[in-house]
Structure formats: structure tokens, C-alpha cells
Amino acid sequence: MRLVVTQRNSGAVYTADRAGEPPRTDSYRERLLKYIPAEALVFFVAVYGSTYSIIGMQSYYFLIARWILLAGIAVTILWLWKVEGVTDPVQLVISTVGFIAWIFAFGVIPITELPWFNQVVSALFLPLYVFGSPFIGGIPDRW
């Protein structure tokens, strides 16, 4: 299951064990892997890379690249919600922001055209976000 289990939502996900033990929450590593939207990143890299190699030098490509970026954000949300069965809005937001952080770190055309874009800040923010996001739902009980 792709849904991150925290103390906040553990009652909705699991019932108590036979021995009356509280439900088990996800470890740090499990949260870390569940928050990275790998499928959406693969979709984005495949579509963006293919279109860039074919029509990347055209003057209108920046518009197409923006549509690909918006489609990647939509794919992140829809994939997690419909395919992976994630219903927790907090996890959907964390994974979507994670997707955007990865795209900023990639430094693709729709992002590099922003006047305030800084590649160094983006590259430094990505590991902070990726390794810090498992703490958003609280400190994991296990590592």
C-alpha cells in the first residue's frame, strides 16, 4: 500500500491487532520512499526529454514545456489518488510539492525562465525536502 501510515491516520488504515496492540506506523524509510513520486517523475522525464530532443529549438517550445509541467503535476495527483489509492490529502500535497522540487532541481525550461530561479538553491533544497518530508507527519517511531 502506498498510503503513508502515521499516528494521525493509523486508526483509519488499520484496526488493532488481536492482542490489542496499537497499529504499526510507517518507518522513516517507508515514508521516504512513499513520498517520492517516482512514477510521475519517470513520466515527466520521458515526455519532456522526448519532446525537447524533437522540437526543443522551436520558438514555441516553452509553451509546450509548461503544458508538460502542468501535466506532470496532474499525473502526480491522479496517479497517487486513483492508481495507488492514496486518500490522505497531506500525503498528496507532500508528494506534489516533492514533484515540483525535483523539477526545480532538474532545471527544465519552464522553471529556468522564472526571474527568481536559482539553480544552486534548487539543488540544495531538494535533499532537504526529500530527507525532511518524512518528519512532516510527526517523528517516525522506527527508522
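Mean residue ellipticity, 222 nm, helices only, the chain: the sum of -39500 (n - 2.57) across DSSP H runs of n ≥ 4, divided by residue count and rounded to 500, is -18000 deg cm²/dmol.
The phi-based Karplus calculation (6.51 cos²θ - 1.76 cosθ + 1.60; θ = phi - 60°) puts the 3J(HN,Hα) values of the stretch 114-122 at 5, x, 9, 5, 9, 5, 5, 4, 4 Hz, whole numbers, x for Gly and Pro. Compute the long axis of helix 89-106 from its Cα atoms, compare it with the longest principal axis of the Cα atoms of the chain, and write down the angle in degrees, 0 to 90, nearest 10. Tilt of helix 89-106: around 40 degrees.
Under the criterion of Cα pairs below 8 Å and six or more residues apart, the relative contact order for the chain equals 36 percent. Taking Ser59, Ser50, Ser95 in turn, the Gaussian network model of the chain (Cα-Cα springs below 10 Å) assigns the largest fluctuation to Ser59.
Classify the stretch 35-135 as rounded, prolate or oblate from the Cα gyration tensor: take a ≥ b ≥ c as the square roots of its eigenvalues, call it rounded if a/c is under 1.5, otherwise prolate when a/b beats b/c and oblate if not. Oblate.
Which of Leu63, Leu92, Leu33 moves the most in a Gaussian network model of the chain with Cα springs under 10 Å? Among Leu63, Leu92, Leu33, the largest mean-square fluctuation in the Gaussian network model of the chain belongs to Leu63. Most tightly packed first, judged by the mean number of other beta-carbon atoms within 10 Å of their residues, the peptides 34-42, 78-86 read 34-42, 78-86.
Rule-based calculations on the coordinates, nothing more; no lab input. Treat the numbers as computed from the prediction; the structure is a model and nothing was measured. Here Cβ is always computed from backbone atoms with ideal geometry, including for glycine, and neighbour counts include all displayed protein chains.
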